2 protein chains.
Amino acid sequence: MRSEAKRMWDRLETLGRVGRTAAQGLSRLAYTAADKEAQKLMAGWMTEAGLRVYRDSVGNLFGRLEGRAKDRTIMVGSHLDTVRDAGLFDGAVGVVVALEAVAALAKHCGQPAKNLEVVVTCEEEGIRFEKCFVGSRALVEGLTDAELDAEKDASGISLRQAMTDYGLDPRRVREAMRSDIEAFLEVHIEQGRVLEAAGVSLGIVTATAGQIVMEVEVLGRQDHAGATPMDLRIDSLACAARMMGCIEEYARALGRPAVATVGKIHVEPGAVNVIPGKTRFHIDARDGDPERQAKLKVAIEGICTGVAVERGCEVRVKTFLDERPVRMSSDMINLFKEVADAEKIRWLEIASGATHDAMVMARRLPTGMLFIPSRNGRSHCPEEYSDPEHILGACNVMTEALRRLAY
Amino acid sequence: MRSEAKRMWDRLETLGRVGRTAAQGLSRLAYTAADKEAQKLMAGWMTEAGLRVYRDSVGNLFGRLEGRAKDRTIMVGSHLDTVRDAGLFDGAVGVVVALEAVAALAKHCGQPAKNLEVVVTCEEEGIRFEKCFVGSRALVEGLTDAELDAEKDASGISLRQAMTDYGLDPRRVREAMRSDIEAFLEVHIEQGRVLEAAGVSLGIVTATAGQIVMEVEVLGRQDHAGATPMDLRIDSLACAARMMGCIEEYARALGRPAVATVGKIHVEPGAVNVIPGKTRFHIDARDGDPERQAKLKVAIEGICTGVAVERGCEVRVKTFLDERPVRMSSDMINLFKEVADAEKIRWLEIASGATHDAMVMARRLPTGMLFIPSRNGRSHCPEEYSDPEHILGACNVMTEALRRLAY
């Protein structure tokens, strides 16, 4: 392993020991002692690399290489908070790569024209608190007082209280907003199996998919399973099964990156020998393109209405969430492509199915994102794994991209 | 309303007040005080009709019209125990009709050649104890000591204890077995909507359907709903939905009385944004003919295996229950048809989707069963309703059938 790859790997392993619970699980929830300890490790490595370390009012950690123009900053980073029973790579890999890249530039290229900042965003996963992207939103959108009080963790501790306990002053959260960031870049693991299946070592993200969450309630007629012939029943679950089949077929026909998933279903009364009178299921539908995503939503609604009519059921479709896809900057996409080609790294354009800090930033700033393949597509679990060679490749592309942007 | 119809209706209403809980619910569980009170009412009406009343060692209640041949008995009846929140008709209508028929024969035709007995079986529903048909099984199969101790109600009271508390001597349960019964007849509500949909007022039961209960476990791959394209996922719920669709289509194509129902489904992990790695569902499949039912079972297994292979899932199919259909006596079916035609009552042959005392008896004895239409197919609920004219029609057919059998 090359020394850069070895250092990044060691750092991932060191970070992976912080927040380790019992057996194999890793749980480093936002604004906890484990989270602080991980940030402290990063702060130490940033200092070693000659970066000026500081923390903002919401808890984002920065390592800054001062440029000649004080008010122009290129920012690169990711998060260190994790889900419960997490793996070593989600978030951490982006932080470690960002530091490695900026440290290399500091060492070999000296002072940049623009400031180069490594950022560790303070809360991305939305696990302890339901609100996610606290750190990145604070940087470009600003947090509100209301949400600091409204968000509570499982023990009833508010986001405001958690920040205070962490040593921050929540009255000053608005001060975290930045106007000097010219571009934001992030490396992250893919969390899917697209890159692996294509046999490439790098993904260049074109967009983060939006997300539509719908609840479909199908009302049939509850009847005796033995005494009601097939031709006289109005079975809400059989109706829902047909809807699910049509929705799956439609999303498949639409082609990548369109997806539609039913992950949750509930039938009433839920007895073996009773025809379900009511079935409720949730659909998660996404696409990387706003128009296609809107089309997907209309199609799903149409399928549910159509199948219900065909089977004499009533149906109610509620949309809980309708987040539009966010496109990455085409300048950043092109920059990554050029650099990856120059480095002879095989890449693939990919829409991110998951959401990331880069999505929040891309709404306001020119933003670019790289994906590292995930072995077997596994993520948010201890089996999460990415190849050190792929990490090094992403680091090399990121280093050169930052050089072109900041020098 | 004719006087017989009025008397039966009044008795149904009187019985319906016994075991009434709070609002509209009626709960008359086996071997409870309410159950005893209902039997006491029946015993009084039997005595009024000139029948000799006695109870056997398991708690079946009889009203006997002595025939000239002491060892040959024609038995007619049903049950008085109910499910929770029951209606007025399930069970009770069969008991009330049986008494009305035998009382009419006693009054107008005098002593029969064979004994005529009205029976109130003591436990049919299997609600308080899981074992159902305690009364009818005791008559023709015999209960075992082991099951008296094994069966426990929700408070941990054994069937043996419940019998003792009811005033019975469980050591003598074997004495309930009878060898003198030549035929058993039962009237019951349909509990489905077949007769109503066909516009007839009487059902002549050809068989009680068997019941197969299968559990299907589909194993796919748990993946991120956003990051896993449609063409790379192995979705256990989408696979199960396809199985359900094929099973429904097959049962429908097989035609009445074949049914297949999925009433229960569970997905794991059951989160909106996660492709379900595991889906488990239950199938209840029935038919009135043993060969057709066996075919249905093989087809369901084949569908599950085939769809799983097509979609790269693993599947495990477990059969929990495989009860064969039981045919009613063709002699009794023909007798009912002749009598109904003579009475100018419009009837339909029907396979019972639900199980009844008559099913237990039909395994051992020539048995016949009549169905009265259920309004909207409702049963096991306070909305249960049958037309007094239909009840009277069934009573007339039963009376004449009993006359032909016993005189």
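The values are calculated or read from the model by the stated rules, or taken from the named source; none is laboratory data. Note that the coordinates shown come from a computational prediction; the quantities given were computed from them, not determined experimentally. Glycine also receives a Cβ, built like all others from the backbone with ideal geometry; neighbour counts cover every protein chain displayed.
Being in a helix (DSSP H, G or I), in the same structural domain as A:M243 (by TED's automatic domain parsing) and within 14 Å of A:M244 (Cα to Cα) is the requirement here; does A:V307 meet it? So A:V307 passes the test.
Is there a residue being closer than 21 Å to A:H224 by Cα, buried (at least 24 other Cβ atoms within 10 Å of the Cβ) and either touching an Asp or Glu at 6+ places or on another chain (Cβ under 7 Å) or more than 10 Å from chain A (Cβ to nearest Cβ) (or both) anywhere in the range B:237-258? Looking through the range B:237-258, at least one residue is closer than 21 Å to A:H224 by Cα, buried (at least 24 other Cβ atoms within 10 Å of the Cβ) and either touching an Asp or Glu at 6+ places or on another chain (Cβ under 7 Å) or more than 10 Å from chain A (Cβ to nearest Cβ) (or both).
In the range A:11-31, the residue that is nearest to the chain's Cα centre (by Cα) out of those that are surrounded by fewer than 13 Cβ atoms within 10 Å (Cβ to Cβ) and more than 24 Å from A:I391 (Cβ to Cβ) is A:T21.
Quick one: is A:P276 within 30 Å of the chain's Cα centre (by Cα), within 7 Å of chain B (Cβ to nearest Cβ), crowded, with 24+ Cβ neighbours inside 10 Å and not polar (S, T, N, Q)?
On the way: within 30 Å of the chain's Cα centre (by Cα): no; within 7 Å of chain B (Cβ to nearest Cβ): yes; crowded, with 24+ Cβ neighbours inside 10 Å: yes; not polar (S, T, N, Q): yes.
So A:P276 fails the test.
Filtered by the rule that a residue be surrounded by fewer than 23 Cβ atoms within 10 Å (Cβ to Cβ) and among the hydroxyl-bearing types (S, T, Y), the range B:206-228 gives a lone residue, B:T206.
For A:K264, state whether it is assigned to a strand (DSSP E or B), of a type in the set (D, E, K, R) and not assigned by TED's automatic domain parsing to the domain that holds A:A340. In short, yes. Of all residues in the range B:259-285, those satisfying the criterion of being in contact with a Leu (Cβ under 8 Å, 6 or more places away or on another chain) and farther than 29 Å from B:P229 by Cα are B:A260, B:G263, B:A285.
When you check A:M214 against the structure, is it touching a residue at least 60 places away in the same chain (Cβ under 8 Å), more than 7 Å from chain B (Cβ to nearest Cβ), closer than 21 Å to B:A271 by Cα and not in a strand (DSSP E or B), yes or no? Spell out the reasoning first.
Details: touching a residue at least 60 places away in the same chain (Cβ under 8 Å): yes; more than 7 Å from chain B (Cβ to nearest Cβ): yes; closer than 21 Å to B:A271 by Cα: yes; not in a strand (DSSP E or B): no.
So A:M214 does not fit the description; no.
For B:V339, all conditions in the list (1) touching a strand residue (DSSP E or B) at 6+ places or on another chain (Cβ under 7 Å); (2) assigned by TED's automatic domain parsing to the domain that holds B:G192; (3) more than 15 Å from B:A260 (Cα to Cα); (4) buried (at least 17 other Cβ atoms within 10 Å of the Cβ) hold save one; what is the number of the exception? Exception for B:V339: condition (1).
Looking at B:S201, B:S158, can you tell me which residue is more than 14 Å from chain A (Cβ to nearest Cβ), of a type in the set (S, T, Y) and surrounded by 20 or more Cβ atoms within 10 Å (Cβ to Cβ)? Show your work before the answer.
Working: B:S158 fails: surrounded by 20 or more Cβ atoms within 10 Å (Cβ to Cβ).
Answer to the check: B:S201.
If the condition is being more than 24 Å from A:E196 (Cβ to Cβ) and either within 14 Å of chain B (Cβ to nearest Cβ) or not in a helix (DSSP H, G or I) (or both), then the range A:322-354 contributes A:D322, A:E323, A:R324, A:V326, A:R327, A:S329.
Of everything in the range B:279-296, what is surrounded by fewer than 20 Cβ atoms within 10 Å (Cβ to Cβ) and either facing chain A (nearest Cβ under 10 Å) or touching a residue at least 60 places away in the same chain (Cβ under 8 Å) (or both)? Give them in sequence order. Spell out how you get there, then give the answer.
Here is the first cut: in the range B:279-296, the ones surrounded by fewer than 20 Cβ atoms within 10 Å (Cβ to Cβ) are B:280, B:289-292, B:294-295.
Listed by number, the residues that qualify are B:R280, B:D289, B:P290.
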